[in-house]
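The values are calculated or read from the model by the stated rules, or taken from the named source; none is laboratory data. It should be emphasised that the depicted structure is a prediction, and the values quoted were computed from it without experimental measurement. All Cβ positions, even for glycine, are placed from backbone atoms using ideal geometry, and neighbour counts span all protein chains on display.
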Amino acid sequence: MAQAAHVPGGVSRPGRTPAVERRSSDIVRRTPDVFDARTHRIARLAVPVVLGLVYGYWVAANNRDGGPITGGNLVLGFASTVVFAVLCAALLMLGPRMPREVHAVLWSAFVGCAFGFLYSQSGSFISTQGAGQGGHHDVVRSLLMSLLVAAVTFVVFFYRYYTREDASGRRIR
């Protein structure tokens, strides 16, 4: 036998419902914030640093291509970490203050450049073309791949910002 599920507030009755009448449709309710302000401040710094460390390690590993770890390889990894973390932190701080179109373009440029550099450090596509032929085609392939990734990123981020912000950049959800 099917029965109605229990709901807070008791049984629904015909007539007025003061709880529903008190709600204003103009107010958008946000989900509760689980973390306090201190946790958000720490995360605003920790997330770009951790992502930068992962990216720097990945760049160094691609550059090394299974060979021995060298001083130049370590410098490349640390430099990539610093540049990635600084740019990521800057985008996280400055991005929400910009119009949604510019915000999406900046993130897609960042992701496209990061991917292009990471892809250019991998040696897998160089070894398939032989020793003497690789140069020009490798740069073009890296450029085209990073442009493709940047275009897809732009579409995704623009859609996200377009559906969650009004025209003046205020969040609506």
Quiz item: Would region 93-111 turn up any residue that is farther than 15 Å from Val152 by Cα and among the aromatic types (Phe, Trp, Tyr)?
Solution: no
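Does Pro48 satisfy the condition of being at pLDDT 85 or above, over 26 Å from the mean Cα position of the chain (by Cα) and either assigned to a helix (DSSP H, G or I) or farther than 17 Å from Cys113 by Cα (or both)?
Working: at pLDDT 85 or above: yes; over 26 Å from the mean Cα position of the chain (by Cα): no; either assigned to a helix (DSSP H, G or I) or farther than 17 Å from Cys113 by Cα (or both): yes.
Here the answer is no, as Pro48 does not meet what is asked.
How many residues are surrounded by 18 or more Cβ atoms within 10 Å (Cβ to Cβ) and closer than 26 Å to Val156 by Cα when one looks only at region 65-90?
Within region 65-90, the first condition is being surrounded by 18 or more Cβ atoms within 10 Å (Cβ to Cβ), and the residues that meet it are 76-77, 80-81, 84-85, 88.
From the residues that got through so far, the ones that are closer than 26 Å to Val156 by Cα too are 80-81, 84-85, 88.
Here the count works out to 5.
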